[in-house]
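Encoded as structure tokens, the structure appears first; notes follow it.
None of the figures in this text is laboratory data; all of them are computed from the coordinates on show. Just so it is clear, the structure is predicted and the values come from calculations on it, not from any experiment. We place every Cβ from the backbone using ideal geometry, glycine too, and count neighbours over all the protein chains shown.
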Ligand code: HEC
């Protein structure tokens, strides 16, 4: 009896994990009424986005993101400039300067251990709540607004096939150009993000 039900549970787990394409594994987009529900990338436990580093929660971008899951910093040069520096400080040591992979997996190609990371809600959840092993939660050293800037930069570093860039809408796909090594974003780039405080 025991044995049978254990196998049954294992099978059910396999079906959930194995049978799912990107759509099925994607983070749930919204709860009834009040915006996006963020879930831990590995456990699926709900994340409390009011916890962690103070500030960076009442910006128009974060409010919009928490409501709709849309990251309005994608392709905004002023946010990319900041995102580059945030990524360099918090992520590149493990993921590589160009997110090409090092101790942690590459984030600039179309292979994802967790397909939920192909949505910005999924990527935010991984940064906020962490994943396995060395990939700890980053909600103590980045505010949600800084995470959105970091996400914009990670999406900018992507060099995989355009059709797999599911985080871009049709309009953004038209203007998408893959990152070129050596590309420099001007320090005074105009846009929605103020320069980071030194
Ligand atoms: C101490 C090293 C370390 C740091 C720092 C780190 N990561 Fe990771 N990261 C890892 C490892 C190792 C994994 C693999 C974990 C797993 O598979 O569950 C990972 C996994 C990930 C994944 C999942 C990738 C996939 O294929 O689904 C994402 C996304 C990610 N990291 C983003 C980031 C971002 C963004 C930062 C900076 C805010 C960061 N990481 C900082 C080590 C690190």
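Summary of computed values
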quantity	calculated
Theoretical gain in end-to-end length, residue 40 to residue 89 [0.36 nm per residue, Cα-Cα removed]	15.3 nm
Pairwise label distance in nanometres, residue 50 with residue 110, each label 7 Å out on the Cα-Cβ vector	4.1
Gained length - residue 58 relative to residue 159, 0.36 nm times residue gap less alpha-carbon distance	33.2 nm
Point-to-point label distance, residue 97-residue 179, nm (Cα→Cβ direction, 7 Å offset)	1.2
Sites residue 67 and residue 194, calculated FRET efficiency, Cβ-Cβ separation with R0 25 Å, nearest 0.05	0.65
Mean Cα-pair separation over length for the range 64-175, i.e. relative contact order, pairs under 8 Å, 6 or more apart, %	34
Span from the the range 92-113 Cα centroid across to the the range 140-198 one, whole angstrom	15
Fewest-first ranking of 179, 158, 111, using other Cβ atoms within 10 Å as the exposure measure	111, 179, 158
Pair residue 187, residue 166: separation of 7 Å Cα→Cβ label points (nm)	4.0
Sorted by Cβ density within 10 Å, fewest first, the residues 120, 58	58, 120
Ranked 53, 180, criterion: other C-beta atoms within 10 Å, fewest first	180, 53
Kirkwood hydrodynamic radius over Cα pairs of the range 64-175, then Stokes diffusion coefficient at 25 °C and 0.890 mPa s, in µm²/s	176
